[in-house]
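Participant: Below is one structure. I have some questions about it.
Taken together, the values in this text are just the output of simple stated rules run on the coordinates, not laboratory data. Because the structure is a prediction, the values reported are computed rather than measured. When we count neighbours, we look across all protein chains shown, and the Cβ atoms used for this are built from the backbone with ideal geometry, even at glycine.
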There are 2 protein chains.
Amino acid sequence: MPTILGGLAIILAAAKLGGDLATRARQPAVLGELVAGVLLGNLGLIGITGLQGLATNPTLDALAQVGVIILLFEVGLESTVRDMLKVGATAVLVATLGVIAPFALGWWVGALLLPGDGPYAHAFLGATLTATSVGITARVLRDLGKGATPEARVILGAAVVDDVFGLVILAVLSGLITAANGGTPMAYGSVGLIVAKAVVFLCGAIAVGLVAAPRLFGLASRLQGRGVLLATALVICFALSWMASLIGLAAIVGAYAAGLVLEDVHYRPFTERGERPLGELLQPVGAFLVPLFFVLMGMRVDLTAFARKEVLGLAALLTVAAILGKQACALGAIGGKLDRLTIGLGMIPRGEVGLIFANIGLGLTLAGRPVIAGTTYSAIVIMVIVTTLVTPPALRWSLERRPVSGG
Amino acid sequence: MPTILGGLAIILAAAKLGGDLATRARQPAVLGELVAGVLLGNLGLIGITGLQGLATNPTLDALAQVGVIILLFEVGLESTVRDMLKVGATAVLVATLGVIAPFALGWWVGALLLPGDGPYAHAFLGATLTATSVGITARVLRDLGKGATPEARVILGAAVVDDVFGLVILAVLSGLITAANGGTPMAYGSVGLIVAKAVVFLCGAIAVGLVAAPRLFGLASRLQGRGVLLATALVICFALSWMASLIGLAAIVGAYAAGLVLEDVHYRPFTERGERPLGELLQPVGAFLVPLFFVLMGMRVDLTAFARKEVLGLAALLTVAAILGKQACALGAIGGKLDRLTIGLGMIPRGEVGLIFANIGLGLTLAGRPVIAGTTYSAIVIMVIVTTLVTPPALRWSLERRPVSGG
């Protein structure tokens with residue numbers, strides 16, 4: 001408990017100082033939080049030790065995960081299901097192109113620089129480049145007040161579809177590697193199962209949510225006591241996040257779906273009797289928990305990895321593949337009014353999903369060697385950092401380059 | 001992560017349903033949360049399993065601990081240091097009587113029912129009855145809008161002093177037992193050290209806080225970005241809680257001190273530019289995290305312990321000793337306007353502090369036997385539950401019996 005309390009005090013203070021500097025430099029606050037995290041996490045380099053444990057503390061990590069769930073819930077609340085259906089076809093097309101191109105490029109980088117590692121490792125490297133980490137983009141869009149634009153909906157919708165595609169690729173690859181390693185044939189049925197689960201969850205959650213949410217709020221409005229509106233909304237958010245993670249999807253997919261399903265009209269019984277609107281109630285909760293996620297993400301960056309040559313070459317090429325690959329998304333942004341560059345840039349960050357994939361690769365073995373070697377892992381970490389740090393200023397530039405439709 | 005998300009959804013839903021029923025029965029919402037927790041934690045008795053892990057999940061527990069820190073911070077914010085100094089002498093007298101009487105009664109119960117366990121075990125049993133768990137009382141006072149009454153200040157001030165006394169008794173007893181067990185003499189200097197640390201911390205935190213808080217808020221008001229007011233307040237709260245736990249005090253002592261030190265006037269620069277007041281910002285954070293603490297506390301109750309005769313007799317006598325012992329506090333409530341019965345009742349709950357003591361007793365051995373045996377531990381748990389469940393309705397009755405001064 002002392003570690004957690006001290007960690008919370010230090011991380012919150014660092015977040016606000018970093019946010020202040022970033023805001024003064026006309027950058028989104030999240031960039032300042034990430035950089036503050038990088039500095040905090042590498043204080044050991046200048047002899048200040050004692051903070052290393054914070055970056056990997058499981059409780060702080062869980063609090064940060066709750067924070068990113070609250071963030072995606074808040075972002076989801078800004079759109080309705082009707083808004084999403086309008087951009088649905090575009091989002092699927094954007095996501096498809098944004099998975100194929102980085103996967104192919106990542107495979108090619110692997111084949112070029114790691115010829116000894118074999119096609120499975122190359123394919124795995126490609127897989128780590130597929131899934132967009134929507135947390136960063138969501139924060140930047142919110143910081144700049146653009147969370148409800150059509151571009152934002154396409155990016156966030158595509159990131160959800162992306163996540164599903166990424167999980168399918170991961171499941172197929174892991175299955176193939178395990179089968180190749182053990183000599184047993186892969187169960188193709190399990191691939192179908194993953195796809196089916198994801199589709200059923202998303203469509204089911206949204207369909208059931210649209211019917212159930214108004215009734216649930218109607219029932220909840222009869223409960224006596226304080227804080228019922230916030231608690232009811234959080235229960236729906238956590239329940240959907242839980243179900244998403246139970247069937248193997250990222251929990252944030254569920255949180256975003258929960259936000260989409262809830263609409264102002266559902267909790268009118270509460271606001272009519274004088275309670276503050278849901279967005280206003282969620283804001284302090286987010287202000288406490290969301291910065292934890294971004295500072296911790298920065299703290300996990302090991303600056304010494306940048307000094308290793310064999311890592312840097314691979315990292316540089318992977319990063320280029322990651323950034324260029326996602327620009328294929330722009331081709332899918334059909335509809336004359338959409339700003340294609342914003343969509344391509346918004347899809348860049350890889351964040352925690354890429355790291356999760358890389359971690360799984362570290363644990364899979366083929367012919368006695370891990371599919372993802374230690375140096376490859378460091379290169380993936382650098383790719384994740386750079387795509388994460390590059391997105392906020394790029395997206396801000398792109399959004400202010402021209403007035404975004406509806407923004 | 002799935003466990004935590006599911007747990008959060010279930011616990012929040014149970015808290016609000018329980019709170020609703022309690023409010024309808026004209027009881028404080030916290031009683032409903034505790035009972036909802038007891039029911040959730042014992043669903044195994046009617047064949048519904050799968051929730052056992054939640055009560056002991058370390059992440060949920062940490063979130064609940066953060067919740068109780070936020071609660072004590074909120075309660076502390078309702079009073080100023082000047083208010084506390086007015087009741088200071090009374091609080092110390094109340095605490096002293098409220099430690100001596102239960103300690104003696106607990107020792108006597110031990111000597112009566114557990115003659116074979118020896119004086120150290122009896123003294124230890126007395127020690128588990130000393131420290132008031134201020135969380136329950138603080139919640140009830142808040143639920144009923146009485147957090148700023150002189151009675152509330154005496155109770156909360158006495159509970160802080162209590163905590164210090166309890167820790168000293170625990171330290172002395174543990175030292176004596178370790179010395180008796182190992183044949184080494186006890187370091188009496190360490191007792192003095194514990195007392196000195198506690199006094200220095202409390203006086204130091206308050207003195208430094210009074211000087212530093214206005215400057216800190218002045219500096220923070222120059223920071224750009226959202227949520228700076230809430231973050232600054234939380235940084236002060238977590239930092240003081242951290243320091244308290246670093247020197248071996250309960251973290252909530254630091255949170256309460258932080259709340260005492262902060263005053264509305266400190267964050268006027270924020271409210272003047274249109275930000276909402278701190279209390280309003282903290283409320284949603286508390287509404288999310290505080291119920292976790294009370295539901296989890298209820299979930300840790302094992303109803304089957306109530307069915308064991310040898311446990312029940314000891315538990316009943318211990319509970320009576322705990323309740324009657326704290327009524328000695330009323331004698332210390334000098335000053336004609338104070339409602340003595342309210343103060344005596346407000347000091348009843350033992351909660352987590354008693355459990356922490358009992359846990360330490362389980363781990364200490366004397367002549368090869370634990371100082372606190374398994375059945376004694378169950379009896380202590382029952383005592384904690386009953387004092388916790390009994391306080392909300394008793395306090396509510398007492399507060400509404402006559403109009404409390406200043407309430």
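Participant: Count the lysine pairs in chain B that are 8 or more places apart or on different chains: how many have C-alpha atoms under 21 angstrom apart? Can you show the working numbers first?
Facilitator: Numbers: B:Lys86/B:Lys146; B:Lys86/B:Lys337; B:Lys146/B:Lys326; B:Lys146/B:Lys337; B:Lys326/B:Lys337.
Eligible lysine pairs with Cα atoms under 21 Å apart amount to 5.
Participant: Determine the dipole magnitude for the protein assembly as shown: charges of +1 sit on the beta-carbon of Lys and Arg, -1 on that of Asp and Glu, nothing else is charged, the reference point is the Cα centre, and the result goes in debye to the nearest 20.
Facilitator: On the way: 54 positive and 42 negative charges, 164 e Å.
Here the size comes out at about 780 debye.
Participant: If you split all Cα-Cα distances of segment B:55-96 into 5 Å bins from zero, what percentages do you get per bin, shortest first?
Facilitator: With a bin width of 5 Å, the distribution comes to 6, 19, 14, 16, 15, 11, 10, 8, 1.
Participant: Suppose every Lys and Arg Cβ carries +1 and every Asp and Glu Cβ carries -1, with no other charges. What dipole size does segment A:1-139 come out with about its Cα centre, to the nearest 20 debye? Could the numbers behind the result be given before it?
Facilitator: Working: 6 positive and 7 negative charges, 55 e Å.
Magnitude of the dipole: close to 260 debye.
Participant: What FRET efficiency comes out for the pair B:Glu272/A:Thr304, r = Cβ-Cβ distance, R0 = 45 Å, nearest 0.05? If you can, show how the numbers build up before the last one.
Facilitator: Values: r = 46 Å, r/R0 = 1.03.
The calculated FRET efficiency here is 0.45.
Participant: Rg(Cα) of the protein assembly as shown divided by 2.2 N^0.38 Å?
Facilitator: Numbers: Rg = 28.5 Å, N = 814, 2.2 N^0.38 = 28.1 Å.
After normalising by residue count via 2.2 N^0.38 Å, the value is 1.02.
Participant: Say a label goes 7 Å from Cα toward Cβ at A:Val199 in every copy; what distances in nm does this one have to the rest, shortest first?
Facilitator: Spacings between copies for this position, smallest first, are 7.4 nm.
Participant: Rg and Dmax of segment B:70-142, using alpha carbons, in Å: what are they?
Facilitator: 16.5, 50
Participant: What do you get for the angle between helix A:188-220 and the principal long axis of chain A? Use alpha-carbon atoms, 0 to 90 degrees, nearest ten.
Facilitator: Rounded to the nearest ten degrees, it is 20.
Participant: Show me, for segment B:261-273, the HN-Hα J-couplings you get by feeding each phi into the Karplus relation (A = 6.51, B = -1.76, C = 1.60, θ = phi - 60°), rounded to Hz, glycine and proline as x.
Facilitator: In residue order, the calculated couplings are 5, 6, 10, 3, 5, 5, 9, 4, x, 6, 5, 5, 8 Hz.
Participant: Starting from one equal scatterer on each C-alpha and no solvent at all, send me the Debye-based log10 I(q)/I(0) for segment B:89-242 at q = 0.13, 0.20 Å⁻¹, two decimals.
Facilitator: Taken in order of the listed q values, log10 I(q)/I(0) reads -0.80, -1.29.
Participant: Could you give the nm distance between label points at A:Gln224 and B:Glu400, where each point is 7 Å from its Cα heading toward the beta carbon?
Facilitator: Modelled inter-label distance: 0.9 nm.
Participant: Can you compute the radius of gyration and Dmax for chain B, using only the Cα atoms, both in Å?
Facilitator: So, for chain B, Rg and Dmax equal 21.1, 68 Å respectively.
Participant: Let me ask you something else. Can you check what the Kirkwood hydrodynamic radius comes to for segment A:216-295, Cα pairs only, in Å to one decimal?
Facilitator: 13.6
Participant: Mind jotting down the distance between the C-alpha centroids of segment A:305-320 and segment A:196-251, whole Å?
Facilitator: Segment A:196-251 and segment A:305-320 have Cα centres separated by 42 Å.
Participant: Based on the Cα gyration tensor of segment B:253-320, what are the three equivalent ellipsoid semi-axes, each the root of five times an eigenvalue, rounded to whole Å and given largest first? Numbers along the way, then the final one.
Facilitator: Values: eigenvalues 388, 46, 9 Å².
After scaling each eigenvalue by five and taking roots: 44, 15, 7 Å.
Participant: Determine ³J(HN,Hα), in whole Hz, for all residues of segment A:67-80 in sequence, where each value follows from phi through the Karplus function 6.51 cos²θ - 1.76 cosθ + 1.60 and θ = phi - 60°; x replaces Gly and Pro.
Facilitator: For segment A:67-80, the Karplus-derived couplings read x, 6, 5, 4, 4, 5, 5, 4, 5, x, 4, 6, 10, 10 Hz, x marking Gly and Pro.
Participant: Set the Förster radius R0 to 56 Å, insert the Cβ-Cβ distance between A:Val211 and A:Ile46 as r into 1/(1 + (r/R0)^6), and round the FRET efficiency to 0.05. If you can, show how the numbers build up before the last one.
Facilitator: Values: r = 57 Å, r/R0 = 1.02.
Efficiency, rounded to the nearest 0.05: 0.45.
Participant: For segment A:164-310, report the % of Cα-Cα distances exceeding 19 Å. Before the final figure, lay out the partial values.
Facilitator: Working: 7065 of 10731 pairs.
The calculated P(r) of segment A:164-310 puts 66 percent of pairs beyond 19 Å.
Participant: Continuing with this model, one more query. Averaged across the residues of B:233-239, what count of C-beta atoms belonging to other chains lies within 10 Å of each residue's C-beta? Mind dumping the intermediate values first?
Facilitator: Details: counts 1, 8, 9, 2, 4, 10, 7.
Partner Cβ neighbours, averaged per residue: 6.
Participant: For segment A:71-94 and segment A:95-132, what is the separation of their C-alpha centers, rounded to whole Å?
Facilitator: Distance between centres, Cα-based: 28 Å.
Participant: Mind listing the label-point distances from A:Gly44 to the same position on all other copies, shortest first, one decimal in nm, points 7 Å along Cα→Cβ?
Facilitator: Taking the point 7 Å beyond Cα along Cα→Cβ, the inter-copy spacings are 4.0 nm.
Participant: Would you kindly derive the ³J(HN,Hα) couplings of segment A:140-154 from the backbone phi angles with the Karplus curve 6.51 cos²θ - 1.76 cosθ + 1.60 (θ = phi - 60°), listing them in order in whole Hz, with x for Gly and Pro?
Facilitator: Each residue of segment A:140-154 in turn: 4, 4, 5, 3, 9, x, 10, x, 10, 6, x, 4, 4, 5, 5 Hz.
Participant: With Rg and the Kirkwood Rh both taken from Cα atoms, where does Rg over Rh land for segment B:7-109?
Facilitator: Numbers: Rg = 18.8 Å, Rh = 17.1 Å.
Here the Rg-to-Rh quotient is 1.10.
Participant: By how many degrees, 0 to 90 and rounded to 10, does the Cα axis of helix B:81-113 deviate from the longest principal axis of chain B?
Facilitator: It works out to around 20 degrees.
Participant: Something else now. For helix B:278-299, report the angle its Cα long axis makes with the longest principal axis of the Cα atoms of chain B; keep it between 0 and 90° and round to the nearest 10°.
Facilitator: 20
Participant: Hey, if you put +1 on the Cβ of every Lys and Arg and -1 on every Asp and Glu Cβ in segment A:296-407, which of A:Pro393, A:Val311, A:Leu331 ends up farthest toward the positive end of that dipole?
Facilitator: Checked the options; the winner is A:Leu331.
Participant: Copy-to-copy spacing for B:Glu400, label 7 Å out on the Cα-to-C-beta vector, in nm, shortest first?
Facilitator: Inter-copy label distances (nm, one decimal, shortest first): 5.7.
Participant: On to the next question. Highest mean first, what order results for A:311-319, A:376-384 on Cβ atoms within 10 Å? Present the calculation step by step, with values, prior to reporting the outcome.
Facilitator: Details: A:311-319: 20.1, A:376-384: 24.8.
In descending order of packing, they fall as A:376-384, A:311-319.
Participant: Based solely on C-alpha atoms, express the radius of gyration and the Dmax of segment B:38-176 in angstrom.
Facilitator: Cα only, segment B:38-176: 18.6, 54 Å (Rg, Dmax).
Participant: Follow-up. Rounded to the nearest 0.05, what FRET efficiency is calculated for A:Ala25 and B:Thr3 with R0 set to 41 Å and r the Cβ-Cβ distance? Display every interim value, and only then the final one.
Facilitator: Numbers: r = 41 Å, r/R0 = 0.99.
With a Förster radius of 41 Å, E is 0.50.
Participant: Per 5 Å bin, what is the whole-percent P(r) computed from every C-alpha pair distance within segment B:262-390?
Facilitator: Calculated over all Cα pairs of segment B:262-390, the distribution is 2, 9, 13, 13, 13, 12, 11, 9, 7, 4, 3, 2, 0, 0 percent.
Participant: Right, another one. Please label the shape of segment B:24-84 as rounded, prolate or oblate, based on the square roots a ≥ b ≥ c of the eigenvalues of the alpha-carbon gyration tensor (a/c under 1.5 means rounded; beyond that, a/b larger than b/c means prolate, else oblate).
Facilitator: Details: a/c = 5.66, a/b = 1.82, b/c = 3.11.
Oblate is the answer for segment B:24-84, as a/c is 1.5 or above yet b/c matches or exceeds a/b.
Participant: Which cross-chain or sequence-distant (5 or more) residues have an amide H under 5 Å from the amide H of A:Leu366, H modelled 1.01 Å from N in plane?
Facilitator: Counting only residues 5 or more places away or on other chains, the set is A:Val371.
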